[in-house]
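The values are calculated or read from the model by the stated rules, or taken from the named source; none is laboratory data. A quick note: this is a predicted structure, and the numbers were derived from the prediction, not measured. All Cβ positions, even for glycine, are placed from backbone atoms using ideal geometry, and neighbour counts span all protein chains on display. The accessibility values were calculated without ligands, DNA or RNA, using every heavy atom of the protein model including side chains. Shrake-Rupley method; radii C 1.70, N 1.55, O 1.52, S 1.80 Å.
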Amino acid sequence: MEQLLHWCDLTGIVVFAFSGVLAAGHKQMDLFGAVVLACVTATGGGTTRDMILNIPVFWLEDSYYLWIAAGTGVISFYLIRYLQVPMRLLKVADAMGLAVFAVIGTQKVLALGHSPAIAIVMGVMTGTFGGLIRDVLAGDIPLLLRREIYATAALSGAAVLVLLDATGQLPGKVVVSTAILVTLGIRLAALRWNLSAPIARFGNHP
């Protein structure tokens, strides 16, 4: 189980860092800007979670997470210079990072002994805040604040993990993998069929 969580963490770091570089590329940033976006996207959610929970920030204890994010940023920067990368790929990479980090964040907080409700909130934060910081720095409206089904996907995956974990009937690897697939499936379905969350309407405004 520990090995699965470790590899999921690394996968999340890489795909979120890649999404940060894609965002930088679409804004025509230089190498430094691309690496900064890669690092904040990959570490922003987990950093926020750890600071709120008053525990050591994960990449300060294990600095190789930061090095992996930075290395992915450099490699991706030169890769996208020679390839035509569609904006849709940014959303797919972001969806993968969202799914992994939302579920892993929830699992980590449960392991610390917090309540399921706190674990779900922290899981959603872990999955969404890196992308939020990336979008703000890139001058875009964060996906978290748009009509797109984004935080809802993270919330669903976190809830699935908590519910399956509470039953105690399935191995931990199955629980984590199922929750990741649920999150990723919801987010990719929203992208594929342009699904969006309902919005509040006031008065007679269309």
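Summary of values
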quantity	calculated
Nearest-10 value in Å² for the accessible area of T11, using the 1.4 Å probe	60
Solvent-accessible heavy-atom area per residue, rounded to whole Å², over the chain at 1.4 Å	51
Taking the range 8-151 and dividing mean pair separation by its residue count, relative contact order in percent (alpha carbons under 8 Å, at least six apart)	32
Anisotropy class of the range 19-81 from Cα gyration tensor, a/c 1.5 cut	prolate
Sulfur and carbon atoms: percent of accessible area, the range 106-206 [1.4 Å]	67
Additional length obtainable on full extension of the chain from D140 to S196, 0.36 nm per residue less Cα span	18.3 nm
Separation of alpha-carbon centers, the range 133-165 and the range 30-52, rounded to whole Å	16
Accessible area of the range 27-69 belonging to carbon and sulfur atoms, whole % at 1.4 Å probe	64
Size of charge dipole - the chain - debye, nearest 20, with Cβ of Lys, Arg +1 and Asp, Glu -1, no other charges	660
Unit Cα scatterers, Debye sum, the chain: log10 I(q)/I(0) for q = 0.08, 0.15, 0.18 Å⁻¹	-0.26, -0.88, -1.21
Cβ-Cβ FRET estimate between T167 and L60, R0 fixed at 41 Å, reported to 0.05	0.70
Per-residue SASA entry for M122, accessible area with 1.4 Å probe, Å² rounded to 10	10
Virtual spin-label span in nm between L53 and Q84, 7 Å along Cα→Cβ	4.4
